[in-house]
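Scroll down for the structure; my scribbles are underneath it.
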Amino acid sequence: MHSFFDIAAATYDDTFTNTKIGLEQRKKVYQSLDFILNQDKKLNILELNCGTGEDAIAFAKKGHKIIATDISEGMIAVSQSKNSYENLHFEVLDSKAIYQDRFKNNFDVIFSNFGGLNCLCFEDLKSVINDSFSVLKPKGKFIMVLMPKNCLWEQIYFYAKGDFKKAKRRSTTDSLLVNVEGEDVPTWYYNPSDIETMLPKDLKITNILPVGFAVPPSYLENSILTKSILWPVLKSIEKRIKRPYFAKYSDHFLIELTKE
């Protein structure tokens with residue numbers, strides 16, 4: 001199955017996962033995953049858009065049973081090369097192909113990190129949320145990390161460069177072509193309020209967390225922000241910023257949905 005991200009797979013860990021910015025943004029996401037990372041109860045987890053498997057491996061280390069999926073064969077190949085856990089299974093799967101009969105058991109958690117679901121238009125993302133509801137256990141959680149429409153750091157960066165069009169590029173209901181390792185990937189941006197309009201009756205928002213409000217987007221990895229005294233200050237601020245209000249101004253935000 002060809003994917004825009006097949007080419008990016010070989011370098012993704014170097015360009016994001018293991019960078020200063022990537023590590024800090026993932027650390028912020030994990031602040032909301034205490035029930036997965038620091039509790040004894042073993043969970044049945046489905047991961048969508050797993051990339052190179054960083055989160056799936058972190059969950060597997062805790063003893064949870066994981067099915068980690070991605071539409072990109074390249075990403076799955078990299079993920080599988082790291083896998084030494086019997087409780088972790090990687091497979092190629094389009095997130096739009098979730099349906100109840102595909103899986104033997106329902107899930108305690110469905111998880112998708114760092115904007116994988118931003119590759120879906122409004123109607124497709126709404127369908128994925130509704131299909132995910134059908135494979136969640138009662139009280140199960142669907143946790144998404146998405147890119148919102150008004151990233152403050154992105155606006156500052158492009159305004160400083162005099163590129164006023166790009167400064168507001170996320171503020172659209174249309175797709176934006178985002179360059180990923182030479183491939184133009186259609187990308188849609190969503191604020192928490194957009195997600196709220198997609199939810200079935202018994203799926204409720206139970207947490208919203210800004211991710212990347214103080215810590216900037218990954219394309220600023222080699223800027224002065226990460227190479228000066230500013231960096232520890234930004235990390236400290238990021239750790240403390242938790243109010244949902246800031247979610248729509250961050251690089252990403254985490255939104256937790258719970259099935260009633």
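The values are calculated or read from the model by the stated rules, or taken from the named source; none is laboratory data. The structure presented is a predicted model; accordingly, all values stated were derived computationally and were not measured. Quick reminder, even Gly has a Cβ in these numbers, built from the backbone with ideal geometry, and neighbours come from all protein chains shown. For the accessible areas, the whole protein counts, side chains as well, though only heavy atoms, and no ligand, DNA or RNA atoms are used. Shrake-Rupley method; radii C 1.70, N 1.55, O 1.52, S 1.80 Å.
Helix 20-30 and the longest principal axis of the C-alpha atoms of the chain enclose an angle of approximately 40°.
For region 86-133, what % of the accessible area comes from carbon and sulfur atoms, probe 1.4 Å?
42
Helix-only estimate, please: 222 nm mean residue ellipticity of the chain, summing -39500 (n - 2.57) across DSSP H runs of length 4 or more and dividing by its residues, to the nearest 500.
Numbers: 9 runs with 75 residues, N = 260.
Rounded to the nearest 500, the figure is -8000 deg cm²/dmol.
Consider a paramagnetic label point 7 Å from the Cα of Asp174 along Cα→Cβ; state which residues of region 133-162 have an amide N under 19 Å from it. So the set is 149-150. Counting only protein heavy atoms and a 1.4 Å probe, tell me what percentage of region 181-260's accessible area is made up of carbon and sulfur. Whole-percent figure for carbon plus sulfur exposure: 55. Surface exposure of the chain, expressed per residue as accessible area with a 1.4 Å probe, stands at 47 Å².
The candidates Val215, Val92, Val233, arranged from most to least accessible area with a 1.4 Å probe in the full protein assembly, appear as Val233, Val92, Val215. Near the amide H of Gly140, within less than 5 Å, lie the amide hydrogens of Lys259, all on another chain or at least 5 residues away, with H placed in the peptide plane.
Grab the other residues whose beta carbon is less than 13 angstrom from that of Ile237, score K and R as +1, D and E as -1, and report the net.
On the way: positive: Lys28, Lys235, Lys239, Arg240, Lys242, Arg243; negative: Glu24, Glu238.
Every neighbour counted, the sum reads +4.
In terms of solvent-accessible area of protein heavy atoms at a 1.4 angstrom probe, what is the ranking of Glu238, Glu86, highest value first? Mind dumping the intermediate values first?
Details: Glu238 5, Glu86 195 Å².
The residues order as Glu86, Glu238, largest area first.
Among Ser171, Ser132, the order of accessible area from largest down is Ser171, Ser132, computed with a 1.4 Å probe on protein heavy atoms.
Compute the helix-to-body angle for 73-82: its Cα long axis versus the longest principal axis of the chain, expressed 0 to 90° and rounded to tens. So the helix axis and the longest Cα principal axis differ by about 80 degrees. The residue among Met147, Ile98, Ile205 whose Cα reaches farthest toward the positive pole of the charge dipole of the chain, with charges on the beta-carbon of Lys, Arg, Asp and Glu, is Ile205.
Measuring only protein heavy atoms, the 1.4 Å probe finds Lys149 accessible over about 40 Å². Cα centroids of region 119-193 and region 87-117: 19 Å apart. Hydrodynamic radius of the chain by the Kirkwood approach over all distinct alpha-carbon pairs: 18.6 Å. In the assembled protein chains, Trp231 presents an accessible area of approximately 20 Å² (probe radius 1.4 Å). For region 4-259, the antiparallel share of DSSP beta bridges with both residues in that region comes to about 50%.
Near Ser127: Cβ cut-off under 12 Å, other residues only, Lys/Arg at +1 and Asp/Glu at -1. The net charge is -2.
Based on the Cβ-Cβ distance from Gln39 to Ile156, what FRET efficiency comes out when R0 is 51 Å, to the nearest 0.05?
The value I calculate is 0.85.
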